[in-house]
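Down below is the structure, laid out as structure tokens.
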Amino acid sequence: MNSLRAVFVYEWKRSLTAGRIAWWFAMAAFPVLITILIRTLGDFESHNDIAAQKSVWSVIFYALIPGVCVALSVLLTAAPAVAAELEQRSWAYLATRPNGIFWLLLGKFLVSVTWAATAAWMGTILSVGACGMDEQVRMILSLSALSLLSATAYSAVYLLVGTIFPKRAMVFCMLYTVLVELVFGSIPAIINRITVQFRLRTLFVNWMPLDQRMKDEDVFQYVLAEGSSFMQCFWLIALSVLFLVAGIVVAHRKEFTSATEGDI
Amino acid sequence: MSAEVTIQFQNVTKLYGRVLGVNDITLELGGGAYGLLGPNGAGKSTLLNLLTGQLLPTRGTVRVLGMNPRNNPTVLRRIGFCPGFEGMYASINGITWVTYLLEMQGFSHSAARRRAAECMELVGMAGGMERPISSYSRGMRQRTKLAQAIAHEPDLLILDEPLSGLDPIGRAQMTGLLRDWIGMGRSIIIASHVLHEIEALTQSFLLISGGRVLASGTAEEVHELLFNVPLEIYVRCNDLRHFAARILSAELADSAKIRKTNNGDDVVVLSTRHASQISAMIPEWMEQDGLKIYEIRTADDSLQSLFNSLMKIHRGEL
């Protein structure tokens, strides 16, 4: 456990650069700015009843916070986990420690989860506060839980993708997100059940204060999972563990030397 | 420790796609100190990466301390590795880096910090250990790399070009430190392309080139090889023609040419298998013929020429 603590502490320290901190604040501020812009420029409040407005805000927050904010944060932290060590050639020092690869990736995963979740929580509190709706505590708790689950699952997925394709980690993570999570995740077929979005979306509908008329729409029957919220959480955690273990296994099996051809 | 077979390679071949890293190496080394000598691109780093388990052999088996080193925490707990490249986190200071790696080794934070300070002091970095690594000179980086490799007191120390970039005083200090390490009965394998760098540390050498172990033996045997394979020797003296004639009449060289060097000096370039005999005869000729020898040296990359010759012998061309 000393190794895990060390990686976690050092990775957090390394994250505290001016650029990274600015990015953290940008991620936290992004949903708040959009919320303020919508309230200032949009006029949907005058055309909808309170229940409909709450539903619209819920959808917006879901898209902005556990969606964009978490995904972009994780993209910056989890995707280059292996690539960063290979590029600066520090991999050899860490991989030649007992279980070094395991602790390194687990530590980076935890840093990614906490980094993304804290930015999302800050964004949640400020955005929900700025939207002016009631049931704010419920919204904050729901979005915070969704953000944590989203950060956990996407950190594991991006870590795996970044381990398989360290040279173009961010590009492949973006491709994965668009193709698998957005496209396949929206197809009403068996394939969407293995996506993170499918489970998150179900939890969103279960937890957020959505208008019953919205929940009754036919489309929800095809893009939501059956079963309790507990089951959805279980599936998300299981998927996260699966992706994380797969990432660690791939890292152990691949030959990541920092040596170049000239070092033969 | 010394009775234990420390390193065992059984028909080990490593290919990087179509590029050959090491080629069918079989060797067994007990405890002790070994120098791995070879020119750049010889396969030294590949061999060391196989030892640390970072690479998997394409064919054959590698055993370190009796076990497969690949992802093996038991082996990794007992080895210390100093790679040939830098790769340390530039933004943190030296002691933090060594502390971090010790914690990765399983030390608690306080024990790691204490041990890291001791090791940084041991390698002569007491004054600079609180400075960011980005501000270190090449020599300071080498010392820090060595500190992280020895800090957990491994049974087998694997060093890739550890003295590269050090000034003469730094080299002497590091050599002393490594000698003490060897004196404690620990095993060490040092890769280098400069013979005299590791000659001061060990009497056992492995000569590697083209991915093959071409020869092994003591320093004396390596010197013997150096003098008994055709070498190019440059001699600068006051009477080049007379010296060349002396050499050829004594049948001590295959050829002798007078050539101008890049510096503009005229030298005799000898191709000889009898360098040791020539060096023995020179004082006599100087006395008898009034020759004044200003400089004798092998071609710049003498080790490379030795390896080229060994490769030719290996292929049956010599």
Q. In this structure, is B:Leu65 in the same structural domain as B:Arg186 (by TED's automatic domain parsing) and more than 21 Å from the chain's Cα centre (by Cα)?
A. yes
(Q) Would you confirm whether or not the range A:204-226 contains a residue that is under 23 Å from the mean Cα position of the chain (by Cα), part of a loop (DSSP other than H, G, I, E, B) and surrounded by fewer than 14 Cβ atoms within 10 Å (Cβ to Cβ)? (A) yes
Q.
I'm checking my understanding of the structure. Among residues of the range A:1-24 that are within 8 Å of chain B (Cβ to nearest Cβ) and closer than 15 Å to A:Leu76 by Cα, which one is surrounded by the most Cβ atoms within 10 Å (Cβ to Cβ)?
A. A:Arg14
Q.
Between a residue in the range B:175-204 that is in contact (Cβ under 8 Å) with a residue 60 or more places away in the chain and closer than 17 Å to B:Gln148 by Cβ and any residue that is in a helix (DSSP H, G or I) and open to solvent by 30 Å² or more (accessible area, probe 1.4 Å), which pairs come within a Cβ distance under 7 Å, given they are 6 or more apart or on different chains?
A. B:Ile188/B:Ile182
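Restricting to the range B:183-208, what's the tally of residues that are among the charged types (D, E, K, R) and crowded, with 20+ Cβ neighbours inside 10 Å? Lay out the reasoning, then the answer.
Going residue by residue through the range B:183-208, those that are among the charged types (D, E, K, R) are B:186, B:197, B:199.
Retained after the next criterion (residues that are crowded, with 20+ Cβ neighbours inside 10 Å): B:186, B:197.
Qualifying residue count for the region: 2.
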Q.
Residues to consider are A:Leu104, A:Leu75; find the one that is within 14 Å of chain B (Cβ to nearest Cβ), buried (at least 19 other Cβ atoms within 10 Å of the Cβ) and under 30 Å from B:Tyr89 (Cβ atoms).
A. A:Leu104
Q) Taking the range B:130-145 on its own, how many of its residues are buried (at least 24 other Cβ atoms within 10 Å of the Cβ) and over 23 Å from the mean Cα position of the chain (by Cα)? A) 0
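For every residue, the table says whether it meets (1) at pLDDT below 90; (2) not hydrophobic (A, V, I, L, M, F, W, C).
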{"site": "B:Pro132", "(1), (2)": "no, yes"}
{"site": "B:Ser135", "(1), (2)": "no, yes"}
{"site": "B:Gly139", "(1), (2)": "yes, yes"}
{"site": "B:Arg143", "(1), (2)": "no, yes"}
{"site": "B:Gln148", "(1), (2)": "no, yes"}
{"site": "B:Trp181", "(1), (2)": "yes, no"}
{"site": "B:Arg186", "(1), (2)": "yes, yes"}
{"site": "B:Leu207", "(1), (2)": "yes, no"}
Q) Which condition number in (1) within 30 Å of A:Leu106 (Cα to Cα); (2) open to solvent by 50 Å² or more (accessible area, probe 1.4 Å) is the one that B:Ala149 fails? A) (2)
Q: Scan (1) touching an Asp or Glu at 6+ places or on another chain (Cβ under 6 Å); (2) away from chain B (no Cβ under 14 Å) for the single condition A:Trp91 breaks and write down its number.
A: (2)
Q: Mind listing whichever residues of the range B:23-68 are open to solvent by 10 Å² or more (accessible area, probe 1.4 Å) and of a type in the set (Ser, Thr, Tyr)?
A: B:Thr26, B:Tyr34, B:Ser45, B:Thr58, B:Thr61
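What residue, among those in the range A:186-203 that are among the charged types (D, E, K, R) and within 15 Å of the chain's Cα centre (by Cα), is most open to solvent (accessible area, probe 1.4 Å)?
Residues of the range A:186-203 among the charged types (D, E, K, R): A:193, A:199, A:201.
From the residues that got through so far, the ones that are within 15 Å of the chain's Cα centre (by Cα) too are A:199, A:201.
Values: A:Arg199: 17, A:Arg201: 38 Å².
Result: A:Arg201.
The values are calculated or read from the model by the stated rules, or taken from the named source; none is laboratory data. These numbers were taken from a predicted model, which means no experiment stands behind them. Backbone-built Cβ (ideal geometry, glycine too); neighbour counts: all protein chains shown. For accessibility, only protein heavy atoms count, side chains too; no ligands or nucleic acids. Shrake-Rupley method; radii C 1.70, N 1.55, O 1.52, S 1.80 Å.
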